Amino acid sequence: QVQLVESGGGLVQAGGSLRLSCAASGRTFSTYNMGWFRQAPGKERKFVATVNWSGTTYYADSVKGRFTISRDNAKNTVYLQMNSLKPEETAVYYCAAGDFVGRLGLRSNDYDFWGQGTQVIVSS
(Lines give C-alpha, C1' and ligand atoms only; values in the text may rest on other atoms or scores of the structure.)
Protein backbone atom coordinates (compact mmCIF):
# COMPACT_ATOMS: atom_id res chain seq x y z
CA GLN A 1 0.00 0.00 0.00
CA VAL A 2 1.25 3.47 -0.93
CA GLN A 3 -0.25 6.73 0.23
CA LEU A 4 0.48 9.84 -1.80
CA VAL A 5 0.14 13.48 -0.75
CA GLU A 6 0.60 16.28 -3.27
CA SER A 7 1.53 19.84 -2.44
CA GLY A 8 2.80 22.96 -4.15
CA GLY A 9 -0.22 23.98 -6.17
CA GLY A 10 -1.53 27.51 -6.23
CA LEU A 11 -2.22 30.57 -8.32
CA VAL A 12 0.39 31.72 -10.82
CA GLN A 13 0.40 34.12 -13.73
CA ALA A 14 0.84 32.88 -17.26
CA GLY A 15 4.52 32.34 -17.97
CA GLY A 16 5.26 31.64 -14.34
CA SER A 17 6.52 28.54 -12.60
CA LEU A 18 5.41 26.14 -9.91
CA ARG A 19 6.99 23.08 -8.36
CA LEU A 20 4.68 20.31 -7.27
CA SER A 21 5.73 17.69 -4.76
CA CYS A 22 4.28 14.29 -4.03
CA ALA A 23 5.30 12.61 -0.78
CA ALA A 24 4.83 8.87 -0.62
CA SER A 25 4.52 6.57 2.35
CA GLY A 26 5.94 3.09 2.41
CA ARG A 27 9.37 1.54 2.22
CA THR A 28 9.05 0.41 -1.39
CA PHE A 29 8.79 3.84 -3.04
CA SER A 30 11.96 3.27 -5.06
CA THR A 31 10.40 0.27 -6.79
CA TYR A 32 7.37 2.18 -8.08
CA ASN A 33 6.88 4.02 -11.32
CA MET A 34 5.54 7.50 -10.60
CA GLY A 35 3.33 9.67 -12.77
CA TRP A 36 1.67 13.06 -12.86
CA PHE A 37 -1.73 13.58 -14.43
CA ARG A 38 -4.03 16.58 -14.59
CA GLN A 39 -7.74 17.10 -14.88
CA ALA A 40 -9.40 20.33 -15.93
CA PRO A 41 -13.02 21.02 -14.99
CA GLY A 42 -15.38 18.99 -17.12
CA LYS A 43 -12.58 17.14 -18.86
CA GLU A 44 -10.98 13.75 -18.55
CA ARG A 45 -7.80 13.15 -16.61
CA LYS A 46 -4.74 13.41 -18.85
CA PHE A 47 -1.18 12.20 -18.66
CA VAL A 48 1.52 14.79 -17.98
CA ALA A 49 4.76 13.00 -17.13
CA THR A 50 6.18 9.83 -15.68
CA VAL A 51 9.44 8.67 -14.14
CA ASN A 52 9.97 4.96 -13.76
CA TRP A 53 11.73 3.11 -10.97
CA SER A 54 15.10 3.46 -12.76
CA GLY A 55 14.73 7.20 -13.41
CA THR A 56 13.67 7.11 -17.04
CA THR A 57 11.27 9.93 -17.84
CA TYR A 58 8.56 10.48 -20.43
CA TYR A 59 6.42 13.54 -21.11
CA ALA A 60 3.26 14.49 -22.87
CA ASP A 61 4.10 16.43 -26.04
CA SER A 62 2.32 19.50 -24.71
CA VAL A 63 4.73 19.88 -21.78
CA LYS A 64 8.04 18.76 -23.27
CA GLY A 65 10.75 21.33 -22.70
CA ARG A 66 8.76 23.15 -20.02
CA PHE A 67 8.04 20.54 -17.34
CA THR A 68 10.53 18.32 -15.55
CA ILE A 69 9.66 15.27 -13.47
CA SER A 70 12.17 13.97 -10.95
CA ARG A 71 12.29 11.72 -7.94
CA ASP A 72 14.26 11.58 -4.71
CA ASN A 73 14.08 8.05 -3.38
CA ALA A 74 15.80 9.04 -0.14
CA LYS A 75 12.91 11.40 0.56
CA ASN A 76 10.17 9.21 -0.95
CA THR A 77 9.16 12.19 -3.07
CA VAL A 78 8.50 12.89 -6.72
CA TYR A 79 8.50 16.40 -8.13
CA LEU A 80 7.05 18.20 -11.11
CA GLN A 81 8.77 21.44 -12.03
CA MET A 82 6.47 23.43 -14.29
CA ASN A 83 7.79 26.43 -16.21
CA SER A 84 6.19 28.78 -18.73
CA LEU A 85 2.74 27.83 -17.52
CA LYS A 86 -0.28 28.55 -19.71
CA PRO A 87 -3.86 29.38 -18.67
CA GLU A 88 -5.13 26.22 -20.35
CA GLU A 89 -3.01 24.22 -17.92
CA THR A 90 -5.28 25.18 -15.07
CA ALA A 91 -6.30 21.87 -13.54
CA VAL A 92 -6.09 19.61 -10.54
CA TYR A 93 -2.77 17.82 -10.70
CA TYR A 94 -2.58 14.26 -9.41
CA CYS A 95 0.35 12.10 -8.45
CA ALA A 96 0.15 8.35 -9.04
CA ALA A 97 2.19 5.23 -8.32
CA GLY A 98 2.21 1.93 -10.17
CA ASP A 99 4.34 -1.19 -10.33
CA PHE A 100 3.67 -1.94 -13.98
CA VAL A 101 6.31 -3.51 -16.19
CA GLY A 102 6.86 -3.13 -19.90
CA ARG A 103 4.67 -0.07 -20.30
CA LEU A 104 5.38 3.65 -20.38
CA GLY A 105 2.65 4.49 -17.91
CA LEU A 106 0.69 6.91 -20.07
CA ARG A 107 -2.75 5.73 -18.98
CA SER A 108 -4.56 6.29 -15.71
CA ASN A 109 -5.26 2.60 -15.29
CA ASP A 110 -1.54 1.80 -15.36
CA TYR A 111 -1.40 3.17 -11.81
CA ASP A 112 -2.58 1.60 -8.59
CA PHE A 113 -2.39 4.46 -6.10
CA TRP A 114 -3.41 8.11 -6.36
CA GLY A 115 -3.07 11.25 -4.32
CA GLN A 116 -5.91 13.63 -3.57
CA GLY A 117 -4.69 16.21 -6.06
CA THR A 118 -3.45 19.77 -5.85
CA GLN A 119 -5.07 22.70 -7.65
CA VAL A 120 -3.06 24.75 -10.12
CA ILE A 121 -4.60 27.95 -11.47
CA VAL A 122 -2.81 29.85 -14.20
CA SER A 123 -4.17 33.34 -14.73
CA SER A 124 -3.92 35.17 -18.03
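The values are calculated or read from the model by the stated rules, or taken from the named source; none is laboratory data. All values reported here derive from a predicted model rather than from experimental measurement. Heads up, the Cβs are rebuilt from the backbone with ideal geometry, glycines too, and the neighbour counts pull from every protein chain shown. Just the protein is used for accessible areas: all its heavy atoms, side chains included, with ligands, DNA and RNA removed. Shrake-Rupley method; radii C 1.70, N 1.55, O 1.52, S 1.80 Å.
Things to note:
- Under 13 Å, Cβ to Cβ, from Asp99 - net charge with Lys/Arg +1 and Asp/Glu -1: -1
- Å² of accessible area per residue within the chain, as computed with a 1.4 Å probe and no ligands counted: 52
- Surface share of carbon and sulfur [accessible, 1.4 angstrom probe, percent] for the chain: 48
- P(r), alpha carbons of region 1-62 - 10 Å bins starting at zero, rounded %: 17, 45, 32, 6
- Loop-located trypsin sites (Lys or Arg not before Pro) in region 24-124, at most 16 other Cβ atoms within 10 Å (DSSP): Arg27, Lys43, Lys64, Arg66, Lys75, Arg103, Arg107
- For peptides 5-12, 77-84, 89-96, sequence by mean Cβ density within 10 Å, most packed first: 89-96, 77-84, 5-12
- Note on Lys43: lysines with a C-alpha under 22 Å away, same-chain residues under 8 apart excluded, are Lys64, Lys86.
- In summary, the aspartates and glutamates within cross-link reach of Lys75, defined as a Cα separation below 16 angstrom excluding same-chain residues under 8 places away, comprise Glu6.
- Cα extents of region 1-114 along the three principal axes, largest first (Å): 37, 25, 25
- Highest-fluctuation residue, Gly35, Gly102, Gly65 considered, GNM on the chain with Cα pairs under 10 Å: Gly102
- Normalised by the number of residues in the chain, the mean separation of alpha-carbon contacts (under 8 Å, six or more apart) gives a relative contact order of 36 percent.
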